[in-house]
Every structure is written in C-alpha cells, then in structure tokens.
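Structure first, commentary second.
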Amino acid sequence: MRLEGERESSNVEDRRGGGGLPIGVAGGGIGTVVLVVLALLMGVDPRALLDGGGPVAPPQTASQSRHAPAEGQSDEARRFVGRVLASTEDVWTTVFRESGRRYDPPRLVLFSGSVRSGCGVAGAAVGPFYCPADRQIYIDLAFFRDMERQLGASGDFAQAYVIAHEVGHHVQAELGIAQRVGELRARAGEAQGNALSVRMELQADCFAGVWARRAHEMRGILERGDIEEGMGAAAAVGDDRLQRRARGEVVPESFTHGSSAQRVRWFRAGLSAGDFRACDTFETGRS
C-alpha cells in the first residue's frame, strides 16, 4: 500500500501498556456474563468466546496476547493504523456527502491483552471488534501477527482490510442498518439470528471493498498484490475455514460471519462497484 506521507487520523486512542484487565471466563461470574453480552452485540456465537476462541482470531496464549512489540515496531504499527483509519474517514465522509448525509467517524482503540469497552470487557482472543454501544473499534495489534502466522493472511493490505471491515460496521450504525437488524435479531430464533449476523458481516466486507476502490481513486493507495492480500484475508476468516481448523468439521447453520467464498465475493462486489448501494446483502436471494 502507498500510505507514506498520508495523514494520520486523530481518532486513534492507544491504551497499550496498561497491563491488561483480568477476565474470569472459566469460573463463570461477571466475566462470563460480560463476554456473552459482547458476543450477542457483535453477532458472535457466545460459545466461541466461552471456549476461548473468537469471531475471527486464531488461538492465542496469554503470553502472546500480552507481548509488547519493540518500540519502533509499535510506533510504525500505530502510524499504519492511523493512516488507514484516516483514509476510511476521507472516503466515507465523501460518500456520505454525495448522498446528502453527514459522516461521524468512529474512534479506534489500540489495546494489549484485554480492554474495557462500552460493550464490557473483552480479551485479545475475541479479535478486532466494533462496539455499537460506544461506537468505537478495538484492536489488539498482536492479531495481525497471528493472522499472518496462524491463518496465512499476510501483507499490509490484509491488515487494512480488517480495519476497513470494522469501520464498515460503524457505517452500518451511521446508516441505521445496525439498529434495524438488532431489532430483528431480538425477535428471531437462533438460526435466523445467525443468518442476520452473516448478512451484517458480509455487508461490512462489501463496505471494505467500497473503501478500497474509492481510496485508490482518491489517493492511488493500491499496489500490485494488494487486492489479492485483501481477498486472502477475507477467505482466511471465513466461518467454514475457521471451523474446519478448530473442529475438523463445518456446521453451516452456526455460521455468524459467512463462508470464505461469501466473504471474498462480497468484498469483490464492493471493490467492483465503489458504491455502498451495491452492498445490499439483505436482498432476498443474495448470498
């Protein structure tokens, strides 16, 4: 990606180095309750969190999730996140203005190990997430290292795709989509609720594709191989691939994020169209 010299967003809050927060999962109690509530807000199967996993993150040990990178590496990673977030701000501000709307960008919180959010306390194993309660994005940068080492999704654009996907959830909140789907999920059974969650995640993938197309048109950020990195990351975090890796079998009715093929297809749809109106994953017959 060509981000050298680009501005950094002022909406990045760095909470790393605080020693993390204790999370009691195995023993039950408030830690378990908080994580279950967080899972429901995120559209994640709560059993995934209680089993120590997360929606997209590979397995981590406590030492991995709390390991602090070297200072120079840490600073460069923060700059990269800030530049990607700034790019999403520029794109979505423009897109919203074109349709007569005003875009209010999210805040992105960097943490190490665990973090307290408006949705409760979450650990690094949850993976990057968007909290609708405080409209903030939370990322432990160790996820990017583990995404490369354990899931084979490497490259700077793979990381940018993850950030753009979470920003996509904020766009859903800004457009009122998240609220409407939340109301539907509250009345739905488990299977229908999972299906709605999949539609939400696929739309966020499509919005990430819209960002990539528009950002390249505005600033020429894409280099050879970047799109392949993005599609590789989308495929790596498909429910079918993660379930096969973790359980040795695939249970489609338990999907909450979509299959690898679906995630790649919708990322590509947004990239091709460059228009968020092409991202109606809720339209009957589309998957």
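Scan (1) modelled with pLDDT under 95; (2) of a type outside the set (D, E); (3) within 13 Å of the chain's Cα centre (by Cα) for the single condition V250 breaks and write down its number.
If we test V250 against (1) modelled with pLDDT under 95; (2) of a type outside the set (D, E); (3) within 13 Å of the chain's Cα centre (by Cα), just (3) comes out false.
Hey, which of the helices (runs of 4 or more DSSP H) in segment 181-267, taking only ones fully inside, have at least 2 residues that are exposed (fewer than 15 other Cβ atoms within 10 Å of the Cβ) and not aromatic (F, W, Y)?
Numbers: elements: 190-219, 226-236, 239-247.
Here the list reads 190-219, 239-247.
If I ask for residues that are farther than 23 Å from D156 by Cα, among the β-branched types (V, I, T) and in contact (Cβ under 8 Å) with a residue 40 or more places away in the chain, which ones from segment 221-267 would you list?
T256 - this is the single residue of segment 221-267 that is farther than 23 Å from D156 by Cα, among the β-branched types (V, I, T) and in contact (Cβ under 8 Å) with a residue 40 or more places away in the chain.
Going by the conditions given, is I163 at pLDDT 95 or above, touching a Leu at 6+ places or on another chain (Cβ under 7 Å) and surrounded by 24 or more Cβ atoms within 10 Å (Cβ to Cβ)? Even if it seems obvious, please write down each step before you answer.
Working: at pLDDT 95 or above: yes; touching a Leu at 6+ places or on another chain (Cβ under 7 Å): yes; surrounded by 24 or more Cβ atoms within 10 Å (Cβ to Cβ): no.
Against the criterion (at pLDDT 95 or above, touching a Leu at 6+ places or on another chain (Cβ under 7 Å) and surrounded by 24 or more Cβ atoms within 10 Å (Cβ to Cβ)), I163 does not qualify.
The values are calculated or read from the model by the stated rules, or taken from the named source; none is laboratory data. What you see is a predicted model; the values in this text were computed from it and never measured. Glycine also receives a Cβ, built like all others from the backbone with ideal geometry; neighbour counts cover every protein chain displayed.
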